[in-house]
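Engineer: This is the structure I want to talk about, given as structure tokens.
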Amino acid sequence: MNRTIGRFFTPVLPGLLALVAPAVLRAQILETETARLLRKGVLEIGSNFEYQTSSEGHEAALPFALEYGLTNRLEFLLEPVAYTAIRPRTGPRAAGVGDLEATLTFLARRETRGAPALAFAAEVKFPTARDTIIGTGKTDFAAYLIASKHFGRVDTHGNLGYTIVGRPAGSQVTNVFNFAVGWELSLGPASEIYGEVLANTASVSTPEGTGPALPGTTTPEAPSGEIVASLGVARYVVGALRLSVGVSVDNNSAVLLRPGLTLRFR
């Protein structure tokens, strides 16, 4: 899956980098989970800037990801959102830190010639957002089945997930199924093209709102049913410096631009 990232990473990050060798710093380019887990002792840290615009207004976010290989089969991922701004054309606005997600992924089976790699993940979303326009204020729990398979130069990934949604007082929400398919096409040692399709069922029976929740109604941030398609490109431009940029469009015609930055240390 935030608000305390600035206070946390400034003093802690240098120590983490010093303790872990080799360390890798990179931006996550796919929302789709993969069974390509980090090897033991490898650390990845990434960030993207997300800007979304639609007929209803615009949003911006600055998510981070800290991923660490506990063993060759077990990986821990921490995803805070340092800043989120929601600016609808009408109705109240909000800005501040977002929710924090923590995920533990286990590689159950490595890829073979005839079968994909399989992994299982358990995720907890902690309600660190202070505004109900940004977050629900409740803890969510999710589980994922993840498969990854190479087909020549294309690395493909598929997810099936289920989220137990926290229920704010007076709200009407249901649990959510999540689906994702992603791919990465290698263009050589320095470049790749990537894409994905994400979908989830609705946790509410009405569209998302922009104001504070009223008794007996849904919470504004509770997700509605959504389908998102993305396409992007990533390239190492100078040594270990990697740049990426992706564009996403959802079923409500909202367009999201997602540039990212990668630095790699071996």
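Engineer: Around LEU187, what is the net charge, scoring Lys/Arg as +1 and Asp/Glu as -1 over all other residues with Cβ under 13 Å from its Cβ?
Structural biologist: -1
Engineer: So, one more: Relative contact order of the stretch 29-114, please, whole-number percent, based on alpha carbon pairs below 8 angstrom and at least 6 residues apart.
Structural biologist: This gives 25 percent for the stretch 29-114.
Engineer: Next question. What distance in nm separates the two pseudo spin-label positions at ARG153 and THR139, each 7 Å out from Cα along the beta-carbon direction?
Structural biologist: Roughly 4.7 nm, to one decimal.
Engineer: Cα centroid distance between the stretch 34-76 and the stretch 133-184, in Å?
Structural biologist: If you average the Cα positions of each part, the centres end up 14 Å apart.
Values quoted throughout were computed directly from the atomic coordinates according to the rules given, and no laboratory measurement underlies them. Quick caveat, the model's predicted, so the values are computed rather than measured. All Cβ positions, even for glycine, are placed from backbone atoms using ideal geometry, and neighbour counts span all protein chains on display.
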